[in-house]
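What follows is a single structure, written as structure tokens, with notes after it.
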Amino acid sequence: MTDELLAISPIDGRYSDIVDELRRYFSEYALMMYRLRIELEYLKLLTNVLRPIQEDKISIITDKIFKEFSIDEARRIKQIEKETRHDVEALVRYVKERLSEYGLSDQANLVHLGLTSEDVSNLAYSLILKDFNAEVLLPLIKEFVTELAKVAMNEKNTIMLGRTHGLPALPTTLGKELIVHVYRIMKQYEFLETYLFPGKISGAVGTYAALMEVFGKDTINILEKFIRKLGLEPWIATKQVLPHDVISRYLHSLSLLAGCLIDLCRDLWLLTMMGYVLIKRVGVGSSTMPQKVNPIEIENAEGNLEYSSNLLNFLSNRLLVSRLQRDLSDSTLKRNYGVAMAHLIIGIKNLRSFLMRIEFNRELMKRDLEEHPEILSEAIQIRMRLLGKNLVNELRRLEPLSPDKYLEDVKGIIESTGINPDEIIPKTYHEYIGAASLIVESIYRLCMNKFSRNEKAIS
């Protein structure tokens with residue numbers, strides 16, 4: 001029996017292969033590594049300020065310690081933590097051990113000087129989210145939305161029956177309906193790609209007292225520069241904990257992204273139910289019904305995206321509150337960032353997988369349109385009103401018992417006004433799709449110009 005079969009969470013079990021890349025951001029080992037980076041970078045800062053003559057030597061050694069950090073080294077920290085029952089203190093002792101091994105016992109005295117654990121942890125978590133966002137999430141969104149845009153462009157003239165409230169409404173195109181989702185996802189991408197993650201170093205209650213003992217009157221300026229050098233935006237006024245406002249906004253934006261994708265899942269599911277989407281057979285659809293080919297990827301995607309969205313919303317709202325200067329409830333919650341992100345990634349990847357194994361039943365779409373000529377009634381009543389004839393009530397009274405009977409009745413109503421029906425009734429459904437194709441072309445061009453690499457921009 002493998003470890004995956006013993007996993008409690010499906011993230012580390014059934015879906016582990018899908019999200020394996022997230023281990024370098026959200027595992028216990030990853031958190032240790034990011035915290036270690038902060039401690040070592042801060043030690044360089046201290047050396048630069050307090051003992052500049054030793055700066056080059058410390059820099060070489062700290063870089064070496066970071067590069068040598070492995071799972072075995074992380075196990076050493078866990079071993080120390082059994083004694084300290086404090087994860088950051090265990091890391092601090094580990095760093096001091098490593099410095100002593102290199103003959104730097106005196107410099108080890110500077111490790112964590114003036115800091116509280118939260119100074120290290122908030123920076124580590126912000127860097128984790130920043131790197132995950134840039135290295136995993138944004139590239140995945142880019143790949144998916146580009147593929148979806150290409151499908152939409154290919155189907156820009158594929159006429160289909162548009163439905164409101166589930167009932168026949170007006171002609172539209174498959175491409176236009178898909179490009180709506182492309183545009184929504186692009187908007188979320190644009191928000192995420194420029195997001196600035198926050199960071200703070202302000203001490204145990206946010207007064208900088210211990211830090212001012214170390215750095216003097218220029219403390220805040222020195223620490224702001226340090227935080228910016230890490231690629232984070234300094235947050236000056238804090239409790240012991242960094243206010244979660246900016247991270248909460250990020251998590252809310254991911255929940256919005258998940259919501260956009262859930263909407264796409266449900267539209268594709270309904271199009272599959274109506275027979276407009278055809279799924280290529282892979283594996284077994286049912287243990288008892290041989291004919292079944294099910295939309296399992298989008299159903300799986302929908303479930304994972306809903307779970308992710310709910311967890312993201314919970315975390316973003318709950319973490320806005322910390323009692324007085326701090327309480328520890330946030331610590332256990334932040335360890336679940338990775339759970340929310342993993343389910344989001346699973347959802348996107350399954351949705352992408354579904355998109356790659358479907359085709360469209362254009363003949364069925366065409367037949368459905370021909371069964372519902374009443375969807376042209378809007379065009380008819382507008383054209384008649386422009387000629388000074390209001391036939392809205394007459395058209396409302398018609399019942400589309402059959403396509404031929406409906407068109408015959410419409411022609412009779414128009415003829416009764418002395419107007420030729422052939423000049424009023426659209427000759428094809430394509431005649432009444434408005435700017436659908438232009439919308440697809442416009443958004444597709446935006447998408448390709450933004451995301452295409454090694455290709456000339458589309459003008």
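One residue stands out among those in region 92-121 that are more than 19 Å from residue 81 (Cα to Cα) and part of a loop (DSSP other than H, G, I, E, B): the one that is farthest from the chain's Cα centre (by Cα), which is 103. The C-beta contact set for region 94-105 (first residue assigned by TED's automatic domain parsing to the domain that holds residue 60 and farther than 14 Å from residue 69 by Cβ, second residue at pLDDT 90 or above and not in a helix (DSSP H, G or I), distance under 6 angstrom, 6+ apart or interchain) comprises 96/111. Please verify whether residue 151 is assigned to a helix (DSSP H, G or I), β-branched (Val, Ile, Thr), under 34 Å from the mean Cα position of the chain (by Cα) and closer than 26 Å to residue 250 by Cα, treating the condition exactly as stated. No.
Tell me the residue from 223, 230 that is out of contact with any His (no Cβ under 7 Å at 6 or more places or on another chain) and without any contact (Cβ under 8 Å) to a residue 24 or more places away in the chain, please.
On the way: 230 fails: without any contact (Cβ under 8 Å) to a residue 24 or more places away in the chain.
Result of the check over 223, 230: 223.
Going through region 293-307 one residue at a time, which ones are among the polar types (S, T, N, Q) and buried (at least 23 other Cβ atoms within 10 Å of the Cβ)? Before you say what the answer is, go through the steps one by one.
Step one: of region 293-307, the residues among the polar types (S, T, N, Q) are 294, 300, 304.
Listed by number, the list holds a single entry, 304.
Sort through 59, 16 and tell me the only one that's closer than 30 Å to residue 304 by Cβ and modelled with pLDDT under 95. After applying the criteria, what remains is 16.
Residues checked against (1) among the aliphatic types (A, V, I, L, M); (2) touching a His at 6+ places or on another chain (Cβ under 6 Å); (3) at pLDDT 95 or above; (4) over 28 Å from residue 181 (Cβ atoms):
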site	(1), (2), (3), (4)
330	no, no, no, yes
337	no, no, yes, no
342	yes, no, yes, no
356	yes, no, no, no
399	no, no, no, yes
405	no, no, no, yes
413	yes, no, no, yes
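Scanning region 231-256 for residues that are modelled with pLDDT of 95 or more, among the polar types (S, T, N, Q) and in a loop (DSSP other than H, G, I, E, B) turns up nothing. A residue that is out of contact with any Leu (no Cβ under 7 Å at 6 or more places or on another chain), crowded, with 18+ Cβ neighbours inside 10 Å and not aromatic (Phe, Trp, Tyr) occurs nowhere in region 57-70.
Among the residues of region 432-452, just one is basic (Lys, Arg) and either surrounded by 16 or more Cβ atoms within 10 Å (Cβ to Cβ) or in contact (Cβ under 8 Å) with a residue 40 or more places away in the chain (or both), namely 450. Going by the structure shown, is residue 394 more than 16 Å from residue 156 (Cβ to Cβ) and either at pLDDT 95 or above or not hydrophobic (A, V, I, L, M, F, W, C) (or both)? Spelling it out, residue 394 is indeed more than 16 Å from residue 156 (Cβ to Cβ) and either at pLDDT 95 or above or not hydrophobic (A, V, I, L, M, F, W, C) (or both).
For region 104-139, taking the residues that are of a type in the set (Gly, Ala, Ser) and modelled with pLDDT of 95 or more, the one that is surrounded by the fewest Cβ atoms within 10 Å (Cβ to Cβ) is identified as 134. Residues that are in contact with a Leu (Cβ under 6 Å, 6 or more places away or on another chain) and over 26 Å from residue 327 (Cβ atoms) occur at least once in region 221-230. Does region 435-451 contain any residue that is in contact with a helix residue (DSSP H, G or I) (Cβ under 8 Å, 6 or more places away or on another chain) and more than 30 Å from residue 174 (Cβ to Cβ)? No, region 435-451 has no match at all.
Considering only residues that are exposed (fewer than 14 other Cβ atoms within 10 Å of the Cβ) and assigned to a loop (DSSP other than H, G, I, E, B), which ones fall in region 309-324? Selection gives 320, 321, 323, 324.
Could you grab me the full set of residues in region 13-40 that are among the acidic types (Asp, Glu) and under 24 Å from residue 76 (Cβ atoms)?
From region 13-40, those among the acidic types (Asp, Glu) are 17, 20-21, 28, 39; that's our starting set.
The answer is 28, 39.
Taking residue 28 as the residue in question, decide whether it is within 19 Å of the chain's Cα centre (by Cα) and either assigned by TED's automatic domain parsing to the domain that holds residue 303 or exposed (fewer than 15 other Cβ atoms within 10 Å of the Cβ) (or both). Criteria not met by residue 28.
The values are calculated or read from the model by the stated rules, or taken from the named source; none is laboratory data. Note that this is a predicted model, so its numbers are computed, not measured. We place every Cβ from the backbone using ideal geometry, glycine too, and count neighbours over all the protein chains shown.
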